[in-house]
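Down below is the structure, laid out as C-alpha cells.
The values are calculated or read from the model by the stated rules, or taken from the named source; none is laboratory data. Nothing here was measured: the structure is a model prediction, and the numbers come from that model. Here the Cβ positions follow ideal geometry from the backbone for every residue, glycine too, while neighbour counts run over all protein chains shown.
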There are 2 protein chains.
Amino acid sequence: MRRLTTFLSLAALGVSMTGAFAQDKAIMGFKDPATELELEKKFDQQLKAENLDQWLKRMSSRPHHVGSPFDKDNADFMAAMFKSWGYEAEVVSYDVLFPTPKVRLLEMTGPSRFKAGLVEPALKEDATSGQTKEQLPVYNAYSADGDVTAELVYVNYGVPADYEELEKAGIDVKGKIVIAKYYGSWRGIKPKLAAEKGAIGCIIYSDPADDGYVQGDVYPEGPYRSEHGVQRGSVMDMPLYPGDPLTPGVGATKDAKRLDIKTAPTLTKIPVIPISYGDAKPLLDALGGPVAPASWRGGLPITYHIGPGPAKVHLKLEFNWDIKPAYNVIAKMKGSEFPDQWVIRGNHHDAWVNGAADPVSGMVALMEEARAVAELTKTGWKPKRTLVYCGWDAEEPGLIGSTEWAEDHAAELKEKAVAYINTDGNGRGFLFAGGSHTLEELVGEVAASVTDPQKGVTLAERRKAFDIVNSGNPDHKGFQISALGSGSDFTPFIQHLGVASLNVGFGGESGGGEYHSIYDSYDHYSRFQDPGMVYGVVLAQVCGRLTMRLANADILPFEFDHFYSTVATYADEVMKLPEQMREEADKINGMLKANYYDLAADPKQPNYKPLPPKEVPYLNFSPLQTSLATLKEKAATVEGLLKAGSIAPAKWAKVNELLYQSERTLIDESGLPRRDWFKHEIYAPGFYTGYGVKTLPGVREAIEQEEWAEAQEEIITLAATLDKFNSHLDKIIAAAK
Amino acid sequence: MRRLTTFLSLAALGVSMTGAFAQDKAIMGFKDPATELELEKKFDQQLKAENLDQWLKRMSSRPHHVGSPFDKDNADFMAAMFKSWGYEAEVVSYDVLFPTPKVRLLEMTGPSRFKAGLVEPALKEDATSGQTKEQLPVYNAYSADGDVTAELVYVNYGVPADYEELEKAGIDVKGKIVIAKYYGSWRGIKPKLAAEKGAIGCIIYSDPADDGYVQGDVYPEGPYRSEHGVQRGSVMDMPLYPGDPLTPGVGATKDAKRLDIKTAPTLTKIPVIPISYGDAKPLLDALGGPVAPASWRGGLPITYHIGPGPAKVHLKLEFNWDIKPAYNVIAKMKGSEFPDQWVIRGNHHDAWVNGAADPVSGMVALMEEARAVAELTKTGWKPKRTLVYCGWDAEEPGLIGSTEWAEDHAAELKEKAVAYINTDGNGRGFLFAGGSHTLEELVGEVAASVTDPQKGVTLAERRKAFDIVNSGNPDHKGFQISALGSGSDFTPFIQHLGVASLNVGFGGESGGGEYHSIYDSYDHYSRFQDPGMVYGVVLAQVCGRLTMRLANADILPFEFDHFYSTVATYADEVMKLPEQMREEADKINGMLKANYYDLAADPKQPNYKPLPPKEVPYLNFSPLQTSLATLKEKAATVEGLLKAGSIAPAKWAKVNELLYQSERTLIDESGLPRRDWFKHEIYAPGFYTGYGVKTLPGVREAIEQEEWAEAQEEIITLAATLDKFNSHLDKIIAAAK
C-alpha cells in the first residue's frame, strides 16, 4: 500500500566495493564469487517480461480485495504456480476483522445543498473500470460508524503543524467536521488527530495540486487523478500496532483470543470518508472565515477558506463489521546446507480494487524471480539456505496477512529468519531501497551489478546521477539506503521481531493518480507506469541477487561499519535537537516579548503569532555517547576480521548465525512508550506521521513531544540496547578469531 | 503605475538618530529643532481625511486617461485648488504619442474555435464600472499594429530565465505567438524579449495564482481579480528611455523635433494584448507538448502545457497613433530665503480607467499635504526654499508627463533641484521608501517621528517588526531604503538628471487585483485598500515632513555614511558575482562532463540539461576598490563636520548648495551602454527587468550578460564617477571648515 511519494527525499546509492573476501570481482561473503556471478547471469537469462505482463493482466482482471472471490482465486493461482515450479506451497489463512460499507452519506445541508456522489465513473478507455458489482465502494476501512452533522473546517493536510496554525488563529475544531487533503502524512493520522482535537467527523479528499491536473494530464488522457477519482485506504491506528485490530501480538487463528470490537484501540474514534475533488469542491467553496495561509492552498479554482462554516455537513456511515479470511501464500524451497536459516521474500497480493500497480506489479516480479530461481535448481544448483516466497493478503487494510503470519510464527522466525526482503508496487525510474543498515553494503553491491535498461549504466550510477542533479551537489555521497518507517509488509519483520529487512523498488518516472482507485488497472499500468514490464524484470534481477546472495553466501553479507556511521548520524541529530529547540524558543520568546508579532500583524487578518514555547532542559546524552564509542570500535574490529578473508571455514556456521541474529539485539522487548508492539530501538514509523520513519524513535519522539523525563529514560534504554548489540559484536569477534 | 509587489522584499527601516546638530530631540540640519517640530505638529492638525476621501471620489468619478475629457478636467480642478490655497499654479501641456485601439481581435482558430471577449463586465456593486463609453478598452499601449496567426507557446512569465528553460527543452518560439503571465518582470519586457526570440505576437494574461482567487476572494466579494478582469498597461521599451517615444531627451513641446513613428525605438516590434484568465483558459487548455515545469504552473484548473500548439491563434491589432496633450499641473510656493532651490514633490494624476488607487490615492495625499503647508503660511511661516508640487499626466503610458517636463527644464532642474519626492498609489500597511541613500537617514528620522494609526507605535517600529517577523531574524538591521529601479515619476529626476530622489508609500495590507482594470474604483478602494483614508493622511504626514525639512533645514539633511556603506555593499555583490559564476560554471561543466544530467533525465520528458556555461575571466576591480576606500574616508570626514554642529552659519549656503549638488556627480553624461538616456551610475532599472533595479548597473549588467570587455570598461567608468563624487566631498569639506 505504500505510495512512493517520499522517493525524492531518499538519500542516494553510494557504492563501496568491499566484501568479506577482498579480491577482484569480489562479492561480499563469497569465497568463490565467479560461480555466484555465473549463476546470476543464468538467472537473468531466465527472466521474461511476457510472464510478468501475462500475470499482471490475469491477477488484476477483477477486483481482489480481502474477502472477495478473486482474492482467494489469485491466492490459489499463485500457490499452484509456485507448486508447478517445484516449491512447497500452501495457502495459509487467518480470520481478520475487515469492515465494508453498508451506509455512506455525505451531504452539505447549508448554506446550499449538495450531495456527494462518492462514485468513480467507468471509462471506456479502461477495460476493468466498469466492474461495479465486484468493486469496493470508496471508503476508509476501520472508520467508526457514525451519524454526525456539524460545521466544516478546512485543516490543510490535518497534521500536527496544521492544528498549531489553527490554534494560533484561534480556530477550534471541537464539535466540527474537518476536511483534510490527502498527503502530508499517512491518511490514518488525519482522523486520529482530528478526534484528539475534538472533531466529530473527518473527510479526506485528493486535491488536484497533489495528484491531479496540477501534476499532469488526468486519466484517461494522462496518468493523474481525474475529477471523480478517489483514494480508498485504511485508517486504522497503525502506529499503535498493525495487523488484525482484534488480535494484537498474536496470530489471528480460528481460536485466537479476540478483543471486543468496542475496545479495539486501532479503530478510529470518529467517522471518516475519502472523496474526490469533484465532491470536495462545493464543500470547500462554501467555507467562509479567514482565507487559508498560502501554503495551505490547493489546486481547485476557488479561494481556500478555513471556516468554520457556514458550510454545514451531514456525514452518516455504517459498516458491516465482518471477520474475513486472509489468504497468505507461503512457498518454500528447502536449503541444502542450512534448512533452518530462512531468507524470506514477500509482496502482498490483495488490492483495494484491481490493483495492477499496487500491488500486482511487485507481486509478479517476485513470482518471476521465484520461477527463475526454481529453473536454476534444474541445473543441479541448490540454495544453501531455505527460501521462503510469500504473497501476503490483507496488506491494504493494515499489513494484516504478514503481521498475523509473523506473530503466529514469531518464535520460529526469531530463530530462523536471516533477512526479509519486501517489495510492493513497482514502476519505471530509479532504484530505491530502505532497510537495515547492516545490509546497506550488500544493496550497494547489487545496485552496482545490474544495468539500468533505459540508460545502460548500472542502477547505482543512475541513482547517483539523479541524486546529484536533484540536490545540485556534485559531491553528493551516493547510494545510501533509507531508514524504514511503515507502509508495507516489512514492518512486522523488522520492527516487531528484529529481522533484518529491506524494502526495494523502482519509481520516480511513473507518477500518477491511480493510487487506490478503480483506475489502478492493467490499462493504466501498461500505458503509464512500466510499459513492457521493463522495470519489473529489473526488480526481479535486483531482488533475485539479494535473495540468492543471502541464501548462498559463505559468510553472510552483514556489515557493521555502515550501521555504526548511520546510527551515529541519527544520534547526532537527536543530540542537536534540544539545542535547536532551545535556540528557537529563546528567539521566539524574545520576539514575543518585544511585541514584534502583534506589531507586524494585519489587524484585519488572523494573527498567526507563535504560542510561547516552553523552556528546554538539558539532557544527559553521555550513556548514548559511551555506547556509540564502543560500537564504533567493535564495528571496526568486525569489519577488519570480515575483510581480511581469513576466517576459517569451520567457524563460518557459528559466525553466520551470530551475524543474522545481530538485528535481534536491537529489539527492546518492552517496546516503545505507548505502543509496545513496536520494539525496534533504531527504526519506527512516527506516532504522528504514520508511514514516515522516526529513527531512534524512543528518544526522538520524546524530545519532539517535549516529554523530557521520558526522553532521559529513553536515552538510557537506547544505550542499553546498543550495549546489547556491542556484546553481540564481541561474540562475533570471539567466534571469528 | 508602479505596483508595490516587490514590497515584501524591501529591506527594513533602521533608524539611527543622528543629525547635523547633536542634541536632544535633534532633527538633522536644524539648529532649532523645537520650532520645526512645533510646525510639524501644527501641520498634522491641518490634515483631514474627509478632504482626501472627497477628492478621491471626485477625481475617480469618471475615466481619466491621457487625452480624455476628464483627464483635462482633473488637471484644471487641481490647478484651481492649488491656486485657491495660495500657490502659483499652472497647467503645462506637452504633445505626446498616445495610441488607442482601433481593432482588437484575438481568436483561437484550431484545434477548436474560441474568440476572446476582451471585455470587463460592469458590476452593480461598483458604481463607475459601467461607464463603458468613456473607458479605454483593454489593451497594451505602444503595441505594434499587426495581423498574425501562429501556433501558441506558453512561456511562463516570459523573462530571460524562462526562455533559457525553453531552450534547454528544445522549444523555439520563432514564428510563434507566445502567451505569458503578468508579474515576474515589468510587462514591457515580455513582448520585447518575445520579439528578440523571434515570436510574432504576444499575449499577456493575469493568472489567478498571482492576483486572482488563489490569493483571496475576488471582486466584488473581495479585492482580487475576477474572471474577466484585465490589467491594461504600457509596453513601451522604458529601460531604453521613458517619456514620449518621439522626443527622447527633449521636451515634447509643440515644435520639438520628432522621430518618425516607424523608427521610434521604444515601440514594441510585435503586436501584444493583455487578457483575463477567463479568456486565457481555453487557449492554455488547448496547448499540447510537454507539461510545464512545476514552478511555471498557475492557478487555473488545467494541466499547464508548453506547446507549441496544437492551439493556433489569430491576433489582429490596429491602433490610432494619435498625438495627445498631456497636462501637468505645476504649483509653486516661492522660498523666502532660497527661491532658486527647489524641493519638488510629485504624483501622477492620469489613470488607465478610473484609477482610484492608482494614482488618485497618492495624488489626494499630496494635495492635502500642499493644502496643509499653505495653511501654515497663514500663521506667518514661510518655507525657506521653493516648494514645487506636481501632478503629472501621462505617467501610465510611460512616465511621459514628468519626463517631458524634466527634459524640458533639464538645465534649470540641474541647477535648482534640491530633491524630488515621489508618491503614487497608496494603501493600508507598512511604510516603504526607496531612493538616494544620501537621504536614508532623513527618511529614518521621519519614520521614527510619525505614529502608525493601527498600532500606535512609530512607523519605523512597525516596519522593523514586520521585517523581523518576515525574515525570522530578530537581529534584522531595521530601516533601510531600497534602491530605485523604475515604475513611477522619480525616474527622469534621479536617473536622467541626478536629482536626489525618494519614492514613498504604504502597502502590504491592501493587496488586491484591481490594478489597471475598470475595478480600480472608489468603491473598491474605500472598501479594501484604505477605508477612511487613514493611511492617506499618514502619507501626507510623512511626505510633509520630508518636504518641509528639506525646505527649511539650516543645513540640508544629506549624509554620506549610509551612501558609502550601501555602495560598498553593492560593490561587494558585483565583485563576488564573477567568482560565483565561475564556481557555478565549473560545477555545471563537471556535471555535464560526468553525464549526470542525461543519466538522471526521464527519457519520456524534456531533458532540462543546462547549456554549457562559458569560461568566466578574472576582472580587475582595483579601480573600484581604490575609489571606494577614498569614499569611505571622505564620507567619514564630512560626517564628522556635520555631526559636530560647528559649521559657521555664514558657510551654510555654500555647504547646502554643494550638498544637494552631490547627487549630480553620480551622473555619467555618456550614459549606460545601449541606453544613454539613463545616466546614473549607481541606480537604474534593469534592461531585462523593467522596473526592478540594477545597482551599479553598468558593471552588474555587463557581468550578468557575460560582456567581459564591457564589464572591465564599466568598472573604470564607475570608479571615475565615484572619484568625481569624492572630489565633490572635498569641496564640501573645504566649504565647511
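Taking the condition of being within 14 Å of another protein chain (Cβ to nearest Cβ) and of a type outside the set (Lys, Arg), how many residues in the stretch A:422-431 meet it?
Residues that pass the stated criteria total 4.
Answer yes or no as to whether residue A:58 is out of contact with any His (no Cβ under 8 Å at 6 or more places or on another chain) and outside any helix (DSSP H, G or I).
Here the answer is no, as residue A:58 does not meet what is asked.
Residue check: is residue A:642 of a type in the set (A, V, I, L, M, F, W, C), crowded, with 18+ Cβ neighbours inside 10 Å, more than 29 Å from the chain's Cα centre (by Cα) and part of a helix (DSSP H, G or I)?
Against the criterion (of a type in the set (A, V, I, L, M, F, W, C), crowded, with 18+ Cβ neighbours inside 10 Å, more than 29 Å from the chain's Cα centre (by Cα) and part of a helix (DSSP H, G or I)), residue A:642 qualifies.
Just one of B:485, B:513 is touching an Asp or Glu at 6+ places or on another chain (Cβ under 9 Å) and in a loop (DSSP other than H, G, I, E, B); which is it?
Answer to the selection: B:513.
Any idea which of (1) in contact (Cβ under 8 Å) with a residue 40 or more places away in the chain; (2) out of contact with any Pro (no Cβ under 8 Å at 6 or more places or on another chain); (3) surrounded by fewer than 22 Cβ atoms within 10 Å (Cβ to Cβ) is the one residue A:534 doesn't satisfy?
Failing condition for residue A:534: (2).
Here's the yes/no breakdown for (1) farther than 30 Å from residue A:431 by Cβ; (2) modelled with pLDDT under 95; (3) in a loop (DSSP other than H, G, I, E, B); (4) out of contact with any Phe, Trp or Tyr (no Cβ under 9 Å at 6 or more places or on another chain):
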residue	(1), (2), (3), (4)
B:554	yes, no, yes, no
B:558	yes, no, yes, no
B:569	yes, no, no, yes
B:584	no, no, no, yes
B:618	yes, no, yes, yes
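Any residue at all in the stretch A:247-254 that is assigned to a loop (DSSP other than H, G, I, E, B), out of contact with any helix residue (DSSP H, G or I) (no Cβ under 9 Å at 6 or more places or on another chain), over 29 Å from residue A:117 (Cβ atoms) and not polar (S, T, N, Q)?
Scanning the stretch A:247-254, I find at least one residue that is assigned to a loop (DSSP other than H, G, I, E, B), out of contact with any helix residue (DSSP H, G or I) (no Cβ under 9 Å at 6 or more places or on another chain), over 29 Å from residue A:117 (Cβ atoms) and not polar (S, T, N, Q), so the answer is yes.
Kindly indicate whether residue B:460 is under 25 Å from residue B:635 (Cβ atoms) and of a type outside the set (S, T, N, Q).
The answer is yes for residue B:460.
Just one of (1) facing another protein chain (nearest Cβ under 10 Å); (2) in contact with a Lys or Arg (Cβ under 9 Å, 6 or more places away or on another chain) trips up residue B:475, so point out which.
So residue B:475 meets the others, but not (2).
Output the residue which, of all residues in the stretch B:359-398 that are surrounded by fewer than 24 Cβ atoms within 10 Å (Cβ to Cβ) and among the basic types (Lys, Arg), is nearest to residue B:336 (Cα to Cα).
The qualifying residue nearest to residue B:336 (Cα to Cα) is B:384.
Could you please let me know if residue B:423 is surrounded by fewer than 24 Cβ atoms within 10 Å (Cβ to Cβ) and assigned by TED's automatic domain parsing to the domain that holds residue B:344?
It is false that residue B:423 is surrounded by fewer than 24 Cβ atoms within 10 Å (Cβ to Cβ) and assigned by TED's automatic domain parsing to the domain that holds residue B:344.
Return the residues of the stretch A:211-244 that are of a type in the set (Phe, Trp, Tyr) and more than 14 Å from chain B (Cβ to nearest Cβ); say none if nothing qualifies.
Passing the criteria: only A:241.
Six or more apart or on different chains, Cβ atoms under 6 Å: show the pairs whose first residue is in the stretch A:576-601 and at the interface with another protein chain (Cβ under 7 Å from one of its Cβ atoms) and whose second is among the aromatic types (Phe, Trp, Tyr) and surrounded by 15 or more Cβ atoms within 10 Å (Cβ to Cβ).
A:600/B:466
Provide a single number: the residues in the stretch A:108-148 that are over 23 Å from residue A:319 (Cβ atoms), aromatic (Phe, Trp, Tyr) and within 30 Å of the chain's Cα centre (by Cα).
Summing the residues that are over 23 Å from residue A:319 (Cβ atoms), aromatic (Phe, Trp, Tyr) and within 30 Å of the chain's Cα centre (by Cα) in the stretch A:108-148 gives 0.
Could you please find all residues in the stretch A:702-732 being out of contact with any Leu (no Cβ under 8 Å at 6 or more places or on another chain) and among the acidic types (Asp, Glu)?
The answer is A:706, A:707, A:710, A:713, A:714, A:723, A:730.
Report, ordered by the first and then the second residue, all pairs with beta carbons closer than 7 Å, sequence separation of six or more or different chains, a first member in the stretch A:166-187 that is among the small types (Gly, Ala, Ser), and a second member that is assigned to a strand (DSSP E or B).
A:175/A:150; A:180/A:202; A:180/A:204
Which residues, taken from the stretch B:500-510, are within 11 Å of chain A (Cβ to nearest Cβ) and either buried (at least 22 other Cβ atoms within 10 Å of the Cβ) or touching a helix residue (DSSP H, G or I) at 6+ places or on another chain (Cβ under 6 Å) (or both)?
Correct list: B:508, B:510.
Of the residues that make up the stretch B:550-563, is at least one within 14 Å of chain A (Cβ to nearest Cβ) and crowded, with 16+ Cβ neighbours inside 10 Å?
No: zero hits.
Could you say whether any residue in the stretch A:91-107 is in a helix (DSSP H, G or I) and of a type outside the set (Ser, Thr, Tyr)?
no
Which condition number does residue B:166 fail, the rest of (1) over 24 Å from residue B:234 (Cβ atoms); (2) surrounded by fewer than 20 Cβ atoms within 10 Å (Cβ to Cβ); (3) at pLDDT 95 or above being met?
(2)
Check the stretch B:445-466 and report whether any residue there is surrounded by fewer than 22 Cβ atoms within 10 Å (Cβ to Cβ), part of a helix (DSSP H, G or I) and within 14 Å of chain A (Cβ to nearest Cβ).
Among the residues of the stretch B:445-466, not one is surrounded by fewer than 22 Cβ atoms within 10 Å (Cβ to Cβ), part of a helix (DSSP H, G or I) and within 14 Å of chain A (Cβ to nearest Cβ), which makes the answer no.
May I ask you to verify whether residue A:208 is of a type outside the set (Asp, Glu), buried (at least 24 other Cβ atoms within 10 Å of the Cβ) and within 14 Å of chain B (Cβ to nearest Cβ)?
Yes.
Of all residues in the stretch B:676-693, count the ones that are over 17 Å from residue B:703 (Cα atoms) and assigned to a strand (DSSP E or B).
1
What's the total number of residues in the stretch A:602-634 that are polar (S, T, N, Q) and within 9 Å of chain B (Cβ to nearest Cβ)?
Residues in the stretch A:602-634 being polar (S, T, N, Q) and within 9 Å of chain B (Cβ to nearest Cβ): 1 in total.
Table: residues versus (1) in contact with a His (Cβ under 9 Å, 6 or more places away or on another chain); (2) within 14 Å of chain A (Cβ to nearest Cβ); (3) of a type outside the set (Asp, Glu); (4) under 26 Å from residue B:246 (Cβ atoms).
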position: B:399; (1), (2), (3), (4): yes, no, yes, yes
position: B:402; (1), (2), (3), (4): yes, no, yes, yes
position: B:415; (1), (2), (3), (4): no, no, no, no
position: B:442; (1), (2), (3), (4): no, no, yes, no
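Looking at residue B:276 and the list (1) within 30 Å of residue B:364 (Cβ to Cβ); (2) within 14 Å of chain A (Cβ to nearest Cβ); (3) touching a helix residue (DSSP H, G or I) at 6+ places or on another chain (Cβ under 8 Å), which single condition is not satisfied?
With (1) within 30 Å of residue B:364 (Cβ to Cβ); (2) within 14 Å of chain A (Cβ to nearest Cβ); (3) touching a helix residue (DSSP H, G or I) at 6+ places or on another chain (Cβ under 8 Å) applied to residue B:276, the lone miss is (3).
Could you check residue B:493 against (1) more than 23 Å from the chain's Cα centre (by Cα); (2) more than 14 Å from chain A (Cβ to nearest Cβ) and say which number it fails?
(1)
For the stretch B:169-216, which residues satisfy the criterion of being farther than 19 Å from residue B:269 by Cα, of a type in the set (A, V, I, L, M) and at pLDDT 95 or above?
Matches in the stretch B:169-216: B:171, B:209, B:214.
In the set A:419, A:406, which member is part of a strand (DSSP E or B) and either in contact with an Asp or Glu (Cβ under 6 Å, 6 or more places away or on another chain) or away from chain B (no Cβ under 14 Å) (or both)?
A:419
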